[in-house]
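The values are calculated or read from the model by the stated rules, or taken from the named source; none is laboratory data. All of these numbers come straight from a predicted model, not from anything done at the bench. Here the Cβ is made from the backbone with ideal geometry for all residues, glycine too, and neighbour counts use every protein chain on show. Side chains are part of the model used for accessible areas, which takes the heavy atoms of the whole protein and leaves out ligands, DNA and RNA. Shrake-Rupley method; radii C 1.70, N 1.55, O 1.52, S 1.80 Å.
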Amino acid sequence: MIEQAGFYRELGGAGDGAAPSLRDAGRSTGEWDEERLLAYLEASHEIYTVMGAERDVIADDVWITGAGSLITDGTYVWPTELAYYVRRHHVALLPEFAAHIRARNYVSPPVPREQALAIFEECLGENARAAAAADAATAKGFFTWYRPALSRVSAQNLLDQLAASDLFVQHPLTENLFGFRDTVQGKREPLVGGVHTLLSALGLGRVPKRRVPSLDGA
């Protein structure tokens, strides 16, 4: 089972209040080896990519790009924005996580594709259980596109146009599409699945026009 680190309340931690808050975690100075810890965090393997941005929870003056993406070294998984908070606000890593990094001499090991997929599925649960049919070696990166009032028809047209241009919209590990949608309760929830999942959700009219929806592709 993969260990989790850095999932503060505002970064996807336990919603019952058990996870500590980032607002209480900032410090005036960092660890004696903070730069080396940061190098490890930023050199590890990204298994889930979100092409978006979130505001700095502590200072509320900076947009953090890629917030929500997941990083792993094969033993631990953490949100990509953890490195930002360590660098700017000197947020401490879990003692056992910091000890783990030091024991590896600050060198993050490679994570084989099969292991990365297993961690990916474990972290995202049932929504991520799709067979990996695409060859990850062909993936060149990720992008996000936006379209107001995305509907089933406009989404299908967009997917068809991308396919005609030899662009792949699925995640290279699972062939899933990733995005978010607003619920009728005004909350934000992930929309994860294949093209059919996306079109079915849009067909039910559950994506309000007041938010600009986004999809991530490879």
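Annotations
- Length added when fully stretched, Leu158-Val107, from 0.36 nm per residue minus Cα-Cα: 14.2 nm
- 15 Å reach of a label modelled at Asp24, 7 Å along Cα-to-Cβ, counting backbone N of region 76-110: 92
- Largest to smallest accessible area among Val77, Val57 [probe 1.4 Å]: Val57, Val77
- Pairwise label distance in nanometres, Glu34 with His196, each label 7 Å out on the Cα-Cβ vector: 5.1
- Only protein heavy atoms count here; on that basis, with a 1.4 Å probe, Asp61 has an accessible area of about 80 Å².
- Accessible area in the full protein assembly, largest first, 1.4 Å probe, for Thr197, Thr49, Thr29: Thr29, Thr197, Thr49
- Over region 1-132, Cα pairs under 8 Å with separation of 6+ residues give a relative contact order of 28 percent.
- Most simply put, region 1-89 has about 80% antiparallel DSSP beta bridges, counting only bridges with both residues inside it.
- Per-residue surface analysis assigns Asp160 an accessible area of about 80 Å², computed on protein heavy atoms at 1.4 Å probe radius.
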